[in-house]
Structure formats: structure tokens, C-alpha cells
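The values are calculated or read from the model by the stated rules, or taken from the named source; none is laboratory data. Just so you know, these numbers come straight off a predicted model, no measurement behind them. Here the Cβ is made from the backbone with ideal geometry for all residues, glycine too, and neighbour counts use every protein chain on show.
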Amino acid sequence: MMLPRRRKLQNAYLATFHGNGDQPHPAAQAVLADLRRFCGISRGGIVVSPITRSVDPYATTYRAGMRDVYLRIAEMLGVNEDTNVETSNDGSGE
């Protein structure tokens, strides 16, 4: 059973990204795709310094935080790896 506060918050996420429908509207899809790219969801979690060629604990922690933000939004919207979120709207592949 979902707590009332969490359900209310999830409804706010859904209203923001889905509007009145059950699928994200085109603008929301573009935002989710950009956040997915920007937050590095398809990249590994470990960041190696190009200078020292060793694991950079600060950059790794920063990337983990960025990934957590996207994953929180995705969880609230019910988006998972099987859900089709376009990765680019302009065909540039970025």
C-alpha cells in the first residue's frame, strides 16, 4: 500500500509529465530523453580521471547523484528500461 503523501507526490509527477493522459506528452518525452542523456543513464557509474587514469571518487559520487535524480523521476512515472523514451528529438544522436 502506498502512503498517502507519496501517492499525492506521484500524482504531481504524473500531472507534470503526463497531463491528462496515461503516456507522457511530446514535450515531456523530450525532457525525459534529455534528462536520461544528461544524467548518464546509459553510461557506467564509475568515472575515471583522464589525467590520473584512476577512479575519481568525487566525479563518481557526482554522477551517482545525477543518476539518482533521473531514476527518482522515472520511478514516480513508472518508466523503466522497457518503456520507450526517445533518446533524441532532433536526430543528432546527442
- Does Leu9 meet the test of being assigned to a helix (DSSP H, G or I), aliphatic (A, V, I, L, M) and buried (at least 16 other Cβ atoms within 10 Å of the Cβ)? no
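Can you pull out the residues in region 36-56 that are charged (D, E, K, R) and modelled with pLDDT of 90 or more? Before the answer, list the steps.
As a first pass, look at region 36-56 and keep what is charged (D, E, K, R): 36-37, 43, 53, 56.
Of everything in region 36-56, those that are charged (D, E, K, R) and modelled with pLDDT of 90 or more turn out to be Arg36, Arg37, Arg53, Asp56.
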- Message: Anything in region 37-76 that is basic (Lys, Arg), surrounded by 13 or more Cβ atoms within 10 Å (Cβ to Cβ) and closer than 19 Å to Tyr13 by Cα? List them, or say none.
- Response: Arg67
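Within region 25-69, track down each residue that is of a type in the set (A, V, I, L, M, F, W, C), assigned to a loop (DSSP other than H, G, I, E, B) and within 15 Å of Val79 (Cβ to Cβ).
The initial filter retains those residues of region 25-69 that are of a type in the set (A, V, I, L, M, F, W, C), namely 27-28, 30-33, 35, 38-39, 41, 46-48, 51, 55, 59, 64, 66, 69.
Keeping just the survivors that are assigned to a loop (DSSP other than H, G, I, E, B) gives 39, 41, 46-47, 51.
Matches in region 25-69: Cys39, Ile41.
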- Given (1) aliphatic (A, V, I, L, M); (2) at pLDDT below 90; (3) surrounded by fewer than 16 Cβ atoms within 10 Å (Cβ to Cβ), where does Val79 come up short, assuming only one miss? (3)
- Query: When both residues are 6+ apart or on different chains and their Cβ atoms are under 7 Å apart, which pairs have a first residue that lies in region 57-79 and is under 16 Å from Ala28 (Cβ atoms), and a second that is of a type in the set (Ser, Thr, Tyr) and surrounded by 16 or more Cβ atoms within 10 Å (Cβ to Cβ)?
  - Reply: Ile73/Tyr13; Met76/Tyr13; Leu77/Tyr13
